[in-house]
Structure formats: C-alpha cells, structure tokens
Amino acid sequence: MSRRQTLAAALVVCALLLTGCAGTPGDGPPTATSTTGQSGPETTGSLAETATGAGTPATTAGSETDTPEADDRTRPQVELRDGNGTVLGRVTVAIADTGGERYTGLSDTERLNESEGMLFVYEEPDTHTYVMRDMDFPLDILFIAPNGTITTIHHAPTEPGESGDELTGYPGYGQYVLEVNRGYANRTGLAVGDTVAIPARIATADATPNPDAES
C-alpha cells in the first residue's frame, strides 16, 4: 500500500470513530427535565389555595347565607293551634332551660323577627313571674301547661329605667313560657285555651305533639 493510500485509510478510520462518539439523535438523557413529578405535584395556585381546595366558592353564586338563617335551620320550632287544631302560626325558638339562660332571657337581644321567639323550659310545672328587665322591645308572654295548653297571655311593654321591685311582674302557671313580639297573639288569633305543640325532644310525655319539629 502506498503512503498516500495509508493516509487515506487512516482518515476514514478517524471519521468513523468521531461519528460513534457523537451518537445518534434521541440517544441518552433528554436535554431538559420537567419538574412535574420530580419536585412534587405541579401547583398553579398559592399554598393556601392548594390546602383548602382552591376554586370552591364559600357561597353559591346568587344565594345569600347569614348566621341567623343558618341558626334557624338548627333551632326547634313550635306550632300554635286553635281549639280545632288549625295551625295559627309557627315560631322558631331559642331554648332557655337553665337558671342563667332563663334569667337573661331576651334582654341581650336587639329584636325578634315575626316568626322568632324564646321558649323557657322548666323541669316541672309551677307558677312563675316574669319581668321586662333590660328589654329593648315589648313582648307577648305565653304561659303553657305541660300538655301544651296556653294558660295565660300577657302583653308586656318595655320599662326603660325601671329595675328591681319597680318592674311590673307578669305571673302565670305552666312548664313552658313562650316569648314573642308583642301583638303576635292578637295578629294570629291565639287565645287562652289554644295549644302550643312542643318538639318531642323538649316536651314532657303528655305535651301536644309537634309532627313538623325535630325529635
């Protein structure tokens, strides 16, 4: 082999070696790596949004939710009926069944809606006297026997500035006392002898049943 042929052969060998070092496209690791799946799940929102389920609205668009309405759904309801069983009204009530709750009553409440009230519950029937201590609005006070019969109705005005023995006493006999806005009894036609259906979880065994209330 001549010297020129030997040089040409050497150049061919070098060319082949260089091609093998470069490799072919697609071989080996990619030129860039995705962080998704390697540094944890890809997040598009803030940490708080991710933790609480971003994108879920707190309230449904077009609806309004406030605390009183939410409370109304969890509070019991009493049903007012005349002697024929006709429903005269329904009142959603807060329950006062401890000494402290009965003493405070509605004195720390600014107002009642038309179908709201407070039901005072005692362990047994007795004669009780109520006063309008620190009240901001007048009340109808209904005394109710264990079986749900209304025994007494008082229409009590506010007594600003009065306290202690100066306050007017409103006595009555019963195991329950229902307070509603003054005039409610007249507006619904409620009278002594009519009945208040008490929810079963609150009522005594001989109370008028309230089928629409939670048990």
Checked pairs for the range 100-114, first in contact (Cβ under 8 Å) with a residue 12 or more places away in the chain and within 14 Å of ARG182 (Cβ to Cβ), second assigned to a loop (DSSP other than H, G, I, E, B) and of a type in the set (Phe, Trp, Tyr), C-beta under 8 Å and 6 or more apart or across chains, list as ARG111/PHE137; LEU112/PHE137
Note on the range 183-194: residues outside any helix (DSSP H, G or I) and either β-branched (Val, Ile, Thr) or surrounded by 19 or more Cβ atoms within 10 Å (Cβ to Cβ) (or both) are LEU190, VAL192, ASP194
Here the residues within the range 80-99 that are part of a strand (DSSP E or B), touching a Gly at 6+ places or on another chain (Cβ under 7 Å) and touching a residue at least 40 places away in the same chain (Cβ under 8 Å) are LEU80, LEU88, VAL91, VAL93
Unmet requirement for GLY174, which otherwise passes all of (1) open to solvent by 60 Å² or more (accessible area, probe 1.4 Å); (2) touching a strand residue (DSSP E or B) at 6+ places or on another chain (Cβ under 7 Å); (3) modelled with pLDDT of 95 or more | (1)
Does any residue of the range 118-129 turn out to be open to solvent by 30 Å² or more (accessible area, probe 1.4 Å), in contact (Cβ under 8 Å) with a residue 24 or more places away in the chain, of a type in the set (Ser, Thr, Tyr) and over 22 Å from VAL192 (Cα atoms)?
-> no
For the range 182-200, enumerate the residues that are modelled with pLDDT under 95 and farther than 17 Å from MET118 by Cβ.
-> ALA200
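The values are calculated or read from the model by the stated rules, or taken from the named source; none is laboratory data. The shown structure was predicted, so the numbers you read here are calculated from the model rather than taken from an experiment. All Cβ positions, even for glycine, are placed from backbone atoms using ideal geometry, and neighbour counts span all protein chains on display. Surface accessibility is based on the protein's heavy atoms, side chains included, excluding ligands, DNA and RNA. Shrake-Rupley method; radii C 1.70, N 1.55, O 1.52, S 1.80 Å.
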